[in-house]
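The values are calculated or read from the model by the stated rules, or taken from the named source; none is laboratory data. None of the values given here were measured: they were computed from a predicted structure. Cβ: placed from backbone, ideal geometry, glycine included. Neighbour counts: every protein chain shown. Side chains included, ligands, DNA and RNA excluded: accessible areas come from the protein's heavy atoms. Shrake-Rupley method; radii C 1.70, N 1.55, O 1.52, S 1.80 Å.
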Amino acid sequence: MTLLGVDGLTVHFRIRRGLLKRSDDVVHAVDDVSLAVAPGETLALVGESGCGKSTVARAVLQLVKPTSGNISFMGQDLAGLKGSARRALRRDAQVVFQDPYSSLNPRMTVHSLVAEPLRANAKLSGRELEDRVLSLLEMVGLGTQHLWRRPHEFSGGQCQRIAIARALALEPKLVVLDEPTSALDVSVQARILVLLHELQQRLGLAYLFIAHDLAVVQSVAQSVAVMYLGQVAEQGPAADVFGDPRHPYTVALLDSSPSPDPEARATMRVLEGNVPSAIRPPQGCRFHPRCRFRMPVCEREYPTPHRLGARMIACHLPDDFDLARPDVHGPVQETTAIAD
Ligand code: SF4
């Protein structure tokens, strides 16, 4: 069963410059992305900044309009919904943003912040409202002593707990977590991840977890989609993608991920070069200017995604290609330089 289905999602933004606001430039933020999230499951969307993962999340939350493709939630096509049906569905999909300080109104108390969505959407008596606010705060590890304080009186981790309580107020089915721990200290990150896991077990929540840090995602996700320059490079069960990555970009991301293990650090390989411009993405495979396995065909033809078990991989390399041994493929081919 699918809770959230994204099918062929494409989001392009036209850039308008100058007095007449004319331009033919188009940012290819997301191109033909398909995903599925089951109830109670965590799907992680990972990639470097600019890969389009946050745009996918915004399209799911109906904050940007898709150029083409379909998004369905709880069996309903979002594009076909209007008025109260659209608002009702939006209550079932909530978001927690990266920076807890900027996502909370600094003038509001914790009580007002958590009560606000309930006042706007739920018909509760005064007593019921108070009980619900308190139970939400207790759910995220806060209590009555925090009710009348404002965000600036809390640490980043506590503010993120308030943001999570607020997101859970309307009992959503799906929570979009947009880099929810990347602005926090490492020790606080771990506590927030444990809290999110406990809430998922208790409430049966599904998460769309946006992250650039693979170490964070590895511990929480059942499925992973690795994005590069607006497209999905590799997608499938987290154990397969992290345990036996088959796309050179996934391998490069894992190789360049910082590790506390000194032995792993010794073999760490930095992913060279920058993500090319999304206004003029490279022809063929978009990763080819940075790929150490590129072949002439990679510069000409987009690799049609193919299945390997439960996984989808968009690469011209054969499935049995040994990504750990670049020598088996011979020297890297010369390629056209791509302007950033
Ligand atoms: Fe590398 Fe070619 Fe595969 Fe792209 S299609 S990741 S350039 S080998």
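Restricted to Cα atoms, region 125-257 shows a radius of gyration and a Dmax of 17.3, 57 angstrom. A crude spin-label estimate for the pair R87 and L134, with each label 7 Å from Cα along the Cβ direction, gives 3.0 nm.
For the chain, the longest principal axis of the C-alpha atoms and the axis of helix 156-168 are separated by about 80°. Beta-bridge orientation, the chain: approximately 60 percent antiparallel, per DSSP, counting only bridges with both partners inside. Compared with the direct C-alpha span, the chain from L63 to E272 gains 71.9 nm at full extension, assuming 0.36 nm per residue. With a simple spin-label model that places each label point 7 Å from the Cα along the Cα-to-Cβ direction, the separation between Q283 and R307 comes to 3.2 nm.
Averaging Cα coordinates gives a centre for region 18-95 and one for region 209-258; these two points are 20 Å apart.
Looking at the chain, the accessible area is 50 square angstrom per residue; that uses a 1.4 Å probe and ignores ligands, DNA and RNA.
For L203 and R17, the FRET efficiency from 1/(1 + (r/R0)^6), where r spans their Cβ atoms and R0 equals 35 Å, is about 0.15. Taken along the Cα-to-beta-carbon direction at a fixed 7 Å, the label points for D77 and T2 span 1.3 nm.
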